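The block underneath contains the structure these notes are about, expressed in structure tokens.
Just so it is clear, none of the values below were taken in a lab; they were calculated from the coordinates. Every value quoted in this text rests on a predicted model; they were computed, and no experiment measured them. Here the Cβ is made from the backbone with ideal geometry for all residues, glycine too, and neighbour counts use every protein chain on show.
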Amino acid sequence: MRHLARLADYCSITNMHTKNLAIVWAPNLLRSKQIESACFSGTAAFMEVRIQSVVVEFILNHVDVLFSSKLSSVIRDGAGEWL
């Protein structure tokens, strides 16, 4: 994810903003067996992929916070308090 976020830093050159990267990478990063099966119609599959791309775009826009060592330690240390 950090790599994709770094690619977005060069969007002025590549035109691959976080939204574009999310559209391209979301189906691979958040693969859905339901979409791959025949039970999803075209419209439902499109909506599912759209949701996936929104999630990936959010992650790319907040990669520094979501994958920071500080957040990881807070989650790890605080996990016992929530149980």
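At an R0 of 22 angstrom, the distance between the Cβ atoms of TYR10 and VAL65 translates into a FRET efficiency of 0.55.
Computed extension length for ARG50-HIS3: 14.8 nm, one decimal, from 0.36 nm per residue of separation with the Cα-Cα distance subtracted.
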